[in-house]
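The values are calculated or read from the model by the stated rules, or taken from the named source; none is laboratory data. Just so it is clear, the structure is predicted and the values come from calculations on it, not from any experiment. Neighbour counts run over all protein chains shown; Cβ positions are idealised from the backbone, glycine included. Protein only, heavy atoms only, side chains kept; ligands, DNA and RNA dropped before computing areas. Shrake-Rupley method; radii C 1.70, N 1.55, O 1.52, S 1.80 Å.
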Amino acid sequence: MSRAEERHLEQIRAVAPGLEVDATADAGRAAHLAADAEVIVGWHLPDSVLSEARALRWIHSTAAGVDRLLVPSVREGRVLLTSSVGQTGRSGPAGVCFRHAGHRDEEDAPAGCVRGAGATA
């Protein structure tokens with residue numbers, strides 16, 4: 001959940017034109033959107049949102065702690081969990097994913113990483 005600025009959402013849409021990108025700070029709407037979400041980015045993700053996210057493949061937390069996000073799908077390895085904490089250089093989920101996977105740039109990044117995502121949200 002986030003109060004992302006529209007310009008940030010447009011940056012994501014520009015590098016991933018086939019994706020539906022949405023943002024909300026409303027827990028009810030977030031739970032509704034989560035039902036079909038493959039990626040969720042936010043700093044506060046209520047249990048009601050995570051429990052509805054049946055298609056989820058990746059959670060990126062912008063918060064310092066991720067302990068409360070260690071839901072069964074993450075612990076079982078079905079959902080990737082990343083965080084921005086301590087990241088420098090390329091920012092946001094793309095940079096975290098590349099470094100998490102041990103890759104230096106987008107060209108050798110695995111398919112699970114967002115490619116071409118120099119924009120941050």
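Summary of computed values
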quantity	calculated
Solvent exposure, largest accessible area first (probe 1.4 Å, DNA, RNA and ligands not counted), of H32, H44	H32, H44
Whole-Hz couplings from phi, Karplus 6.51/-1.76/1.60, listed for the range 4-20; x for Gly and Pro	5, 6, 4, 4, 5, 5, 5, 5, 5, 4, 5, 8, 9, x, x, 9, 8
Relative contact order (%) - criterion: Cα under 8 Å, at least six apart; region: the range 1-71	29 percent
Phi-based couplings in Hz for the range 74-81 (Karplus 6.51, -1.76, 1.60; Gly and Pro marked x)	6, 4, 7, x, 7, 10, 7, 10
The range 4-70: trypsin sites (Lys or Arg not before Pro) falling in loop per DSSP and having at most 16 other Cβ within 10 Å	R54, R57
